[in-house]
Structure formats: C-alpha cells, structure tokens
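**Q** First the structure, then my questions, so here it is.
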Amino acid sequence: MQTISVSLGARSYPIHIGAGLLGDARLYAPFAKGKRVAVVTNPVVAPLHLENLQRALEEAGAQSVPVLIEDGEQAKSWASLDRVIEALLAARLGRDALLVALGGGVVGDLAGFAAAVYQRGIPFIQVPTTLLAQVDSSVGGKTAINHPRGKNMVGAFHQPLAVIADVATLDTLPDRELRAGIAEVIKHGFILDLPFVAWLEANIEKLLARDRAALEYAVQRSCELKAQVVAADEREGGRRAILNFGHTFGHAIEAGAGYGEWLHGEAVGTGMLMAAELSARAGTLRRDDAERVKALIARAGLPLRGPKLAIERYLELMQVDKKTEAGKVRFILLDGLGRATLRGDLDERLVRESIAAVQ
Ligand code: NAD
Ligand code: GLY
C-alpha cells in the first residue's frame, strides 16, 4: 500500500492506494469507530462492493446504512441531493455521523456536497471505484452538483478525512470508463511532470490492459501531483486552476453534446487537444510537443474530434466556466510540455481557430 498525504494543516488527510484496501477495517477504524455511518453509492457499485465495505465498517466498530442514488451524471442534481439528505434525516443521523462515498466521481461529488451541507457539515471518506475518481475527483475537496445552465455550478469545498483507493475495484470498470480516467492521468503529466509523460508514453498499453502495478503507479503519481497543487492553493485562488487544463473546452463539449453523451474524461481528452492547439497557436507550445499531446491521447483511445457544434455555441457554453473573470474566459495553456499557465489575454480568433482545428 502507498500512502500520500494531502497537507492542509488541520484538514490534512491520507490517500491510501493499493489492491484490496476497500475491505480493510484498519483504514476506516480511526474515523468510524463508534460512529453511525451512511454509505452513499449507486445500483452499479452496490452489488460489487457494498457488502464488503459494510463488513469492514462493522469490523471497525461502526454501524452503517446504505443510501442509493441513481447511476450517471444526471444524479449530480438537486433531486438526488434531496434524496440523500432525506435518507440521513430518516436514519436520524446527527452531526457526529460519518458519510462514506462509494463509487465514481458522480457519487463522490454528490455525497461530498451532501456531507458539506448536512447539518452545516459532517465528515466524510472517499472510496473511489473508477480510475477517474482515484486519480482526480476524490482528492482535493471539490464537491458539487450540476445546474441545467452549467456543470458543477452549485457546490462547496469540503475535504474528506481520508481517501481509500482500491485499484482492484478497477477490474470491473468498462473499457470506455478506464480510458476516460486515463485522460485525467495524462493531464497531470502534461501540466506538471514531463518525466511522467515519458512514463505514460512507455506504459500506456499496460494501463489499457489494466496491469495492476502500472495502474497503481499511475494513481500514485497523479495523486502526488494533485496533492502538491491542492496543498499550495486549496480554494483555487490561482495555481490550482491549472488542474482544469482541457476543462474549459471539455465542459463546453459535455454540455453542448448533452450531459451523458460524452464521458467527462473523454471531453477533457478532446478539450486538451483544443487547449494544446491553442497553446501552439499562442506560441507557448512547440508544434512537435502539441503533436506529442495528440499522439498520447490517440494511443489512450480517446476521441480526437469534438462534437460538430457551431463555434458560437462553444464560445457561449465556455462563458459559464468558473475561471471566467470580468466576463472574459481564461484558458490554461501549456507553457512547454510538463508546465502550465493561466491566460486571460488571448485573441478570440485563436480560440475559434483552435476549436475549428479539432472539430
Ligand atoms: P461516474 O461516477 O459516472 O462512474 C462511471 C460509471 O462507472 C458509472 O456508471 C458508475 O456507476 C460505474 N462504476 C463505478 N465504479 C465501478 C466499478 N468499480 N466497476 C464498474 N463500474 C463502476 O463517472 P466518473 O468518471 O468516475 O466521474 C465523473 C464525475 O466526476 C463528473 O461528474 C465530473 O464532473 C466529476 N469530477 C470531479 C472532480 C473533482 O475535483 N471533484 C474532478 C474530476 C471529475
Ligand atoms: N479537478 C480540478 C480540481 O480539483 O481542481
């Protein structure tokens, strides 16, 4: 087992990474002993892992109740949040209760937000079961639901007490979901770590074949990189925005195509192509490095073309991006491969050309 620490003073927490951790009572005991626990999950993950998790909680000295939400991005909604709150109240859970999020990023984001607002905030643990959730969404304390006008438009920063990332859970993940998770792994290399890009270029086939050691390293390195950024800028006053590389275009792709058509990671993959194209056109990334970005995304089996929306529609959808400042959309550019920078001064013509080049 590898353990990484997210250093946030009194809100610091461990990320445990390894195979077979989900059923290990020792990892829950420090937080769950003597507690009443609600396990938020969905009908896809529950049959795979709920029993094992509840047994571990019982061994750790906790009593638990399951709370099921529907599967899919549409579950990040007011209606699902209401259902979770209702279930917590019906179970008479108080402020001393603990919430456990068992599932992918959808469960983690929704359950984390429920924990942030239930009785003004209760603690929670992330047990991510998708690659995307293990390398990204379970770490850093961003929780949210979607609004019809934009993704993640209602949410809170609420750090978990711990993240327990069991890479064995990835065995059952559909291939498409695995590739979507690889997009966020690759993102960490592109923005922060050139040697990790080289490692990915050498090991991408192993990741696609679900080689345990390769997956464990990819999760570990991604979490190390993300933890450093979060520790330096928890609430995204500046630097943390680089974690959104590819996301400004990606959110427009997701919303423009209709939530659920494109997976989040797929949209981020194509969004990174647009952002790399924009970086090349703005002169911050060499053309051969932009080709390296494209080659790795292609080898990960991610889509290489954005949906055929009018460019105006892309621009309109990008306006709701949370990085927008004084009405101007800001972009994360690659400042060479392995480095990223936030820019709000780009000529709109370059943005239009970059979208068109990847459509
Ligand atoms: P998801 O939660 O929808 O999971 C993908 C699918 O895999 C679902 O059908 C799920 O039920 C299923 N699944 C989960 N674990 C499984 C397993 N072990 N075996 C088989 N199937 C399994 O999607 P996701 O990609 O995990 O997360 C996407 C969400 O994460 C988006 O809403 C995105 O906005 C959010 N996100 C949040 C952050 C953050 O910092 N909070 C970062 C990145 C993404
Ligand atoms: N996924 C972007 C962030 O956590 O900041």
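**Q** Return yes or no: is residue 43 open to solvent by 20 Å² or more (accessible area, probe 1.4 Å) and in contact (Cβ under 8 Å) with a residue 60 or more places away in the chain?
**A** no
**Q** Further question: Considering 159, 119, which residue is more than 10 Å from ligand 1 (Cβ to nearest atom), open to solvent by 30 Å² or more (accessible area, probe 1.4 Å) and of a type in the set (S, T, N, Q)?
**A** Selected residue: 119, the only one of 159, 119 that is more than 10 Å from ligand 1 (Cβ to nearest atom), open to solvent by 30 Å² or more (accessible area, probe 1.4 Å) and of a type in the set (S, T, N, Q).
**Q** Among the listed residues 163, 185, 219, which satisfies the condition of being at negative phi, within 16 Å of ligand 2 (Cβ to nearest atom) and in contact with a His (Cβ under 9 Å, 6 or more places away or on another chain)?
**A** It is 163.
**Q** Same structure again: Specify the residue that is farthest from residue 73 (Cα to Cα); the eligible residues are those in region 86-108 that are open to solvent by less than 10 Å² (accessible area, probe 1.4 Å) and assigned to a helix (DSSP H, G or I).
**A** Filtering first and then ranking leaves 88.
**Q** Residues being open to solvent by 60 Å² or more (accessible area, probe 1.4 Å) and either aliphatic (A, V, I, L, M) or at positive phi (or both): count how many of those fall in region 52-70.
**A** 1
**Q** Ok, one more. Tell me, yes or no, whether region 190-205 has at least one residue that is open to solvent by less than 10 Å² (accessible area, probe 1.4 Å), within 12 Å of ligand 2 (Cβ to nearest atom) and within 17 Å of residue 297 (Cβ to Cβ).
**A** Yes, there is a match, as at least one residue in region 190-205 is open to solvent by less than 10 Å² (accessible area, probe 1.4 Å), within 12 Å of ligand 2 (Cβ to nearest atom) and within 17 Å of residue 297 (Cβ to Cβ).
**Q** For region 23-74, name all the residues that are in a helix (DSSP H, G or I), within 11 Å of ligand 1 (Cβ to nearest atom) and at pLDDT 95 or above.
**A** If the condition is that a residue be in a helix (DSSP H, G or I), within 11 Å of ligand 1 (Cβ to nearest atom) and at pLDDT 95 or above, then 46, 47, 48, 49 are the ones that fit.
**Q** From the list 304, 315, 263, which residue is closer than 22 Å to residue 349 by Cα and within 23 Å of the chain's Cα centre (by Cα)?
**A** Every option except 304 fails the conditions.
**Q** Right, next: Do we find a residue being more than 15 Å from ligand 1 (Cβ to nearest atom), closer than 14 Å to residue 298 by Cα and touching a residue at least 60 places away in the same chain (Cβ under 8 Å) anywhere in region 171-180?
**A** No: zero hits.
**Q** Among the numbered criteria (1) outside any helix (DSSP H, G or I); (2) away from ligand 2 (no atom under 16 Å from the Cβ); (3) open to solvent by 30 Å² or more (accessible area, probe 1.4 Å); (4) touching a strand residue (DSSP E or B) at 6+ places or on another chain (Cβ under 7 Å), which single criterion is violated by residue 285?
**A** Unmet for residue 285, out of (1) outside any helix (DSSP H, G or I); (2) away from ligand 2 (no atom under 16 Å from the Cβ); (3) open to solvent by 30 Å² or more (accessible area, probe 1.4 Å); (4) touching a strand residue (DSSP E or B) at 6+ places or on another chain (Cβ under 7 Å): (3).
**Q** Please determine, by comparing only the residues of region 128-160 that are β-branched (Val, Ile, Thr) and within 19 Å of residue 185 (Cβ to Cβ), which one is nearest to ligand 2 (Cβ to nearest atom).
**A** 139
**Q** Name the residue, out of 305, 287, 292, 281, that is farther than 13 Å from residue 252 by Cβ and without any contact (Cβ under 8 Å) to a residue 12 or more places away in the chain.
**A** Answer to the check: 287.
**Q** Working only within region 222-243, note down all residues that are in contact with a Leu (Cβ under 9 Å, 6 or more places away or on another chain), within 11 Å of ligand 2 (Cβ to nearest atom) and open to solvent by 20 Å² or more (accessible area, probe 1.4 Å).
**A** 234, 236, 239
**Q** When you look at residue 252, is it in contact with a helix residue (DSSP H, G or I) (Cβ under 6 Å, 6 or more places away or on another chain), among the aliphatic types (A, V, I, L, M), over 16 Å from residue 135 (Cβ atoms) and within 14 Å of ligand 2 (Cβ to nearest atom), yes or no?
**A** Taking the combined requirement at face value, the residue does not satisfy it.
The values are calculated or read from the model by the stated rules, or taken from the named source; none is laboratory data. Predicted, not measured: the structure shown is a model, and the values here were computed from it. Cβ: placed from backbone, ideal geometry, glycine included. Neighbour counts: every protein chain shown. Surface accessibility is based on the protein's heavy atoms, side chains included, excluding ligands, DNA and RNA. Shrake-Rupley method; radii C 1.70, N 1.55, O 1.52, S 1.80 Å.
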